[in-house]
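Okay, structure first, notes after.
Each reported figure results from applying straightforward, stated rules to the coordinates on display, with no laboratory input. Fair warning: this is a prediction, and the values are worked out from it, not measured in the lab. Ideal geometry is used to build each Cβ from the backbone, glycine not excepted, and the neighbour counts take in all protein chains shown.
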Amino acid sequence: MLGTGIIKGLYITAKNLVGSYHDPRRLPTIEYPEKRYTLPENFRSFPFLVYDGDDANAGLRCVACRICEKECPPQCIYIVPERDAKGRVQKKPKIFDIDYSVCMGCQLCVESCPFDSIKMDHHYEITATDRFEGLLVHLDQLAKPNSYFHQIHPADAAEIDARRAEDKRKAEARAKAAAATKASAGTSPAGASHTGTPHVETSHVGVSHVGASLAKPVVKPAPQLPNPAPRAAVTPPRTPEIETDTAGQVTTNSPPPPQRASQAKPLHAPNAAPPAATLPNAAPPDAPPPAASPPDAA
Ligand code: SF4
Ligand code: SF4
């Protein structure tokens, strides 16, 4: 029917006009900042550091391994590890700065962190009057509690907490088993020798424990190799013998040396002079001199 398309277009326009006044999903704007959108969990703005418990200094998950610093494409992370009185590096950062004016929110630092220490924030209202120092965020500003991480990334935070708890439980069980083995080894008969080598392991959550393998080491027999193929008989080198033939020439039975390519086929000298042209009337070089005419008979 003529004009059907026009009628459909007018219907959609009227529907949007009326719906924009009462349907929240179709409101083109909200009254920001009084009202805000609920951000999806995977929204990301800038990185922050997670700490457990109430003490940001004691509970910081970051061990200053500097992996994120190396992985950051625009190199906007700067880390200096803490050191003790003897100058030994500690597993915590002394300085941890991120330049938000350079950060592009790629999340590669989060992906590369093996300790679930650095995560992406939902906070995007960041303004500063100084774009250099004002957007350089320091450790005390970056550190945020795990409860905040649960608030903005609930599913991710719950999965990480469960994994860390499981790792910690396994590490404690291993430490307990190692302690029991050590205690039983201390009560073993005198003279018993232990050939196991103690080793120290560090779990994912940074809990160290000492393990000792006290069992007698199992010596595995050397693998049997298949019979090797018979080796080709090696002909001893022929000793050259020097002889003198009947003509007094020195001869030898040693094989002649291999002929080099340069000897087998002489190279053409590009700049060598061409052979001299043979003049047609010239006497052949080896022609005998003309015979002298016999003297006239007297
Ligand atoms: S945030 Fe993670 S990757 Fe970066 S230094 Fe700390 S522990 Fe290492
Ligand atoms: S989000 Fe990307 S650019 Fe920003 S600090 Fe992490 S790795 Fe660097």
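So here's what we get for this one:
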item	result
Fewest-first ranking of PHE132, PHE115, using other Cβ atoms within 10 Å as the exposure measure	PHE132, PHE115
Sequence-distant lysines (8 or more away, or on other chains) whose Cα lies within less than 22 Å of LYS70	LYS91, LYS92, LYS94, LYS119
Residues in segment 83-120 reached by a label modelled at GLU71 [backbone nitrogen below 16 Å; 7 Å Cα→Cβ]	104-120
Residues HIS22, HIS153, HIS138, sorted so that the one with the fewest Cβ neighbours within 10 Å comes first	HIS22, HIS138, HIS153
FRET efficiency, 1/(1 + (r/R0)^6) with R0 22 Å, evaluated for LYS92 and ARG174 via beta carbons	0.35
Sorted by Cβ density within 10 Å, fewest first, the residues LYS35, LYS144, LYS86, LYS182	LYS86, LYS35, LYS182, LYS144
